[in-house]
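The values are calculated or read from the model by the stated rules, or taken from the named source; none is laboratory data. Quantities reported herein were computed from a predicted structural model and do not represent experimental measurements. Cβ atoms come from the backbone with ideal geometry, glycine included; neighbour counts cover every protein chain shown. Just so you know, the surface numbers come from the protein's heavy atoms only, side chains and all, with ligands and any DNA or RNA stripped out. Shrake-Rupley method; radii C 1.70, N 1.55, O 1.52, S 1.80 Å.
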Amino acid sequence: EMARSIGLRVFWLDIALYVLVTLAVVISLQTIGNILVLALLITPAATARLLTDRLAVMMLLAPVIGGGSALVGLYLSWSYDLPVGGTVVLVATAAFVLAWLFAPRHGLVPGRWRGVRARGGTGAPRVAPAAEVPDQVVG
């Protein structure tokens, strides 16, 4: 929809995207299997989404996260004699969990930190000092 709104011909972009995804799935099926292919398609994209709101950056970051996860997973698999596919997906999932916790804008920890700072620097809710509490009106 965004591409269409800025005047790009989306038909050919859709075809190119479908062909590339199909090639990635077919090549990956022989290596790691059905479920792991789906995990490797979704997890890097979700991680990139947590790290940025800009589409162009997301589209560059997701393959970097996927490739990095594959390299680290292959290394760990080779070093510790673990299954390759599962190790790669576990590394990608670990990257997602780290982004979910520590992403600057969407992470849980920075969100809590912003909430604490908004409340005046403590974890407890702000209580008004005695001077700010209005006197009771006796009717």
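What ranking do 57-66, 83-92, 35-44, 102-111 get when scored by the average of other Cβ atoms within 10 Å per residue, highest first?
So the order, starting with the most tightly packed, is 83-92, 35-44, 57-66, 102-111.
Tell me the per residue accessible area of segment 1-102 using a 1.4 Å probe; a whole number in Å² is fine.
On a per-residue basis, segment 1-102 sits at 71 Å².
If I histogram all Cα-Cα distances within segment 1-116 using bins 10 Å wide from 0, what percent of pairs lands in each bin?
Final binned percentages: 14, 35, 31, 17, 4, 0.
Using the Karplus curve 6.51 cos²θ - 1.76 cosθ + 1.60 with θ = phi - 60°, work out ³J(HN,Hα) for each residue of segment 15-30 in order, rounded to whole Hz, and write x for Gly and Pro.
4, 4, 5, 5, 5, 5, 5, 4, 4, 4, 5, 5, 5, 6, 4, 5
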